[in-house]
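Structure, as structure tokens:
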Amino acid sequence: MGNIVLGLQGTVDYEVVWDSEVIGELADEYGITLAELSTAIPVDSERALVTVLLAFLRDGAGGERFVVSSDLVEQFAARFETAITLGGTSVRAALAMRVLGQPSILHLVSIDDNVRRLLPEDCAYVCSADRDTLDPHLILQYREGETVHFDRTSITSPHPNRVIFANDPPARELVLSPQLGSLLEDADVFLISGFNVVQDVELIEERLGQLREHLSHLPDGAVVMYEDAGFHILSMSALVRDALLPFIDVYSMNEDELQTYLGRSVDLLDVDQVEAALEDARRLIPARVLTIHTKYWSLAAGETAGRYREALLGGITMASARYLHGDVFSAEDYAAIAGQPVNPGGAAFAEAFTARHGSEVVVLPAYRIETASPTTIGLGDTFVGGFIEAFARSRREVSA
């Protein structure tokens, strides 16, 4: 088992080095007050971007927001030390799997010299773009305890996390390559991600129809994984689910997306709250297997959840390696994660939750990784790469 197709798009990311002093100065320059912080306002100016960013920081939350133009991304990034990297769920998943020698084929919708320069030569891809474009995604990660002073007060992040701001026309148009169907004809695993930035109802329905046609080329036994993301227009997520759930074997999301769909916060270590959240999520998303990955634990729920135990562990391990080592980690770094202690709260939760639900739900604790400089960018993407790699490896071992 080795034919893995990862779609549907990648990004060029501007990873900003966090500077609380600069952000506080901007907040005061724009006269931003503590009372107006909100993650829900339109990001139509640099002032709005800083307001939203501070709201995320206050809550220790992560998310993705649409900005009015790529010029705004360039304007803000120019104030900071910035690294140019490749992102998107499919691309980061491919780079993570590559560490363990698992090849894959990417489906891209945009390309430029940054992609050609940064994508390893042995990462195969098809691209639907007919010209070069650059619409960078602005990504800011912050550590626990980051403090920003403004409005004669201050806020401090309770958890490490990351926030994404983007305006990416090729991603919004999500043109599918005519080669996709033929790629899927001998695929063992197909990853779907990237619909979250599409904002036009007619366009998304057209793309979903085209994707369903491509999906008809999948062979029997192929596994389709869908990784959710922060939808720029939340109502679009229902259109995607309705169209694709019949094809999806594993529907995956993180804790931020779970709480957004439920419209409430969830104490991730409270068994009763998570049980209620899982019940509500499964009613909303009646997938064969629903996977939720969080900083304390990851779970798979559904009748066939047991077949993904090794995949869950692979996802947790791969994300932990990235959290500890950043972009560059090795197969040895991945293997060494198994020697780390597990998160005690996550372990207690997993034991209690398993006692209630038995084999219908697989719950594994996260590792307790201690580092002064954690990487929070791309953890979900890397989880997906680790999940798929471990699943493919387990199936190869069974068939050997």
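Any read-out appearing in this document is the output of simple, stated calculations on the displayed coordinates, not a laboratory observation. As the structure is a computational prediction, the values presented were derived from the model and not from experiment. No Cβ is skipped: glycine too gets one built from the backbone with ideal geometry, and neighbour counts run over all protein chains shown.
A few notes on this one:
- Annotation: amide H-H contacts under 5 Å for residue 342 (H modelled 1.01 Å from N, sequence separation of 5 or more, or interchain): 368.
- Here, the stretch 159-310 has an Rg and a Dmax of 16.1, 47 Å when only alpha carbons are counted.
- For the stretch 370-387, Karplus couplings with θ = phi - 60° (6.51, -1.76, 1.60), whole Hz, Gly/Pro x: 10, 8, 6, 10, x, 9, 9, 6, x, 5, x, 4, 5, 4, 4, x, x, 4
- DSSP finds beta bridges in the stretch 126-252, and of those with both partners inside it, around 55 percent are antiparallel.
- Label-to-label distance, residue 233 versus residue 340, with points set 7 angstrom from Cα along the beta-carbon direction: 3.9 nm.
- Per-peptide average of other Cβ atoms within 10 Å, ordering 65-77, 165-177, 375-387 highest first: 375-387, 165-177, 65-77
- Each Lys or Arg adds one and each Asp or Glu takes one away; over the other residues whose Cβ falls under 15 Å from the Cβ of residue 328, this sums to -1.
- The chain: relative contact order as a whole-number percent, Cα under 8 Å and 6+ apart: 18 percent
- Helix-only [θ]222 nm of the chain, DSSP H runs n ≥ 4, -39500 (n - 2.57) each, per residue, nearest 500: -12500 deg cm²/dmol
- Under the Debye formula (equal points on every Cα, no solvent term), log10 I(q)/I(0) of the chain at q = 0.08 Å⁻¹: -0.39
- Relative contact order (percent, whole number), the stretch 75-135, Cα cutoff 8 Å, 6+ residue spacing: 32 percent
- Whole-Hz couplings from phi, Karplus 6.51/-1.76/1.60, listed for the stretch 314-329; x for Gly and Pro: x, x, 4, 5, 5, 5, 5, 4, 5, 4, 7, 10, x, 4, 10, 9
- Of the residues 106, 167, 61, the one whose Cα sits farthest toward the positive end of the charge dipole of the stretch 56-176, with +1 on the Cβ of Lys and Arg and -1 on the Cβ of Asp and Glu, is 61.
- Relative contact order %, the stretch 245-354, counting alpha carbon pairs below 8 Å whose residues are six or more apart: 25 percent
- The chain, dipole about Cα centre (Lys/Arg Cβ +1, Asp/Glu Cβ -1), debye to the nearest 20: 920 debye
- Each residue of the stretch 171-186 was assigned a 3J(HN,Hα) from its phi angle through the Karplus curve 6.51 cos²θ - 1.76 cosθ + 1.60 (θ = phi - 60°); the sequence is 5, 5, 7, 6, 5, 8, 5, x, 7, 4, x, 5, 4, 6, 4, 10 Hz, with glycine and proline shown as x.
- Contour excess over end-to-end distance, with Cα ends at residue 272 and residue 124 and 0.36 nm allotted per residue: 48.8 nm
- Between residue 191 and 5, 6, 7, 225, the built amide H atoms are under 5 Å apart, and every one of these is 5 or more places off in sequence or on another chain.
- Of all DSSP beta bridges confined to the chain, the antiparallel ones make up roughly 45%.
- For residue 108, nonlocal amide neighbours, meaning residues 5 or more places apart or on other chains whose placed amide H falls under 5 Å from its own, are 126, 127, 128.
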